[in-house]
Each structure stands twice: as C-alpha cells, then as structure tokens.
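I have placed the structure first, in the form of structure tokens, so that the comments after it can refer back to it.
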Amino acid sequence: MPSRPGKACRVPTCKEIAKAGQHNGFCEKHKDRSGWFKRERDRGNRHQRGYGSDWDKLRQQVIKRDAGLCQSCRRQNKYTKGSHVDHIKAKAHGGSDSLSNLQLLCVACHNHKTATEGTRYFKD
C-alpha cells in the first residue's frame, strides 16, 4: 500500500510539505517545533510544579470564597461562572499561593489575562 501524502507544514508562512506521520505535521525545516510540548513535559508533572493535593484544597477555598463567580466579570457587574483559579501576580513573576493572590476567573477572562501577561511561547 502506498504511503499517505504529506500535508502543508503547520507553520502558517511555510510552503513546504510535511511528511505524513513524521514531526507532528512540521516540515524538515521546522521539525524542531514538533517537540514544543517537550518544554512543558520537562517542567514536570503538576505535583512537581507545586499543584498537588495542597493546591487542590487551596483551589476549593478560592472557589468557595468567590462564590463560584468570575471576579473579573463581577467587577463589570456581570455574573459568569468561574472555573480557573488564577494567580493575580504570576508565580513566574514572584507571586505566591496566598489566598490574597488568587482569584477565580471564567475561561474567557483567564485566556485574556494569560495572553496579555507578555509571555510568548512561539518565536519565528
């Protein structure tokens, strides 16, 4: 049986063809990006990063304190169910796991906050 045809490289500006089943959809030129998730793996599992059973208990305290509502939406007099416990000041920027540094956010607000914190994961 013949092999599957390749597809366009996952890098939007690249016009090369990625070989089917190799490099997770990246061409030979961009194959180093096929392991982008490796950086996350290298950081360790959630327990190694400090999100073990103590975090689960702390998370439940924040959800209860914030009455299950997104605090960003609530400041705008909107009432949206929150699902992400967020560090107001990110741990990577010196924030802590104290209750005063944690807030409950909905998915949309959490994604917006994360995107505007200045962290950039991909570089051309």
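The values are calculated or read from the model by the stated rules, or taken from the named source; none is laboratory data. Quantities reported herein were computed from a predicted structural model and do not represent experimental measurements. Side chains included, ligands, DNA and RNA excluded: accessible areas come from the protein's heavy atoms. Shrake-Rupley method; radii C 1.70, N 1.55, O 1.52, S 1.80 Å.
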| said: For the range 43-124, give me every one of the helices (runs of 4 or more DSSP H) that falls completely inside it and has 3 or more residues that are of a type in the set (Val, Ile, Thr). | reply: 107-116
| field | Among the residues listed as Gly94, Gly50, the single one being among the small types (Gly, Ala, Ser), open to solvent by less than 100 Å² (accessible area, probe 1.4 Å) and modelled with pLDDT under 85 | value | Gly50
| Selected residue (criterion: nearest to Leu99 (Cα to Cα)) from residues of the range 53-88 that are open to solvent by 50 Å² or more (accessible area, probe 1.4 Å) and among the aliphatic types (A, V, I, L, M) | Ile88
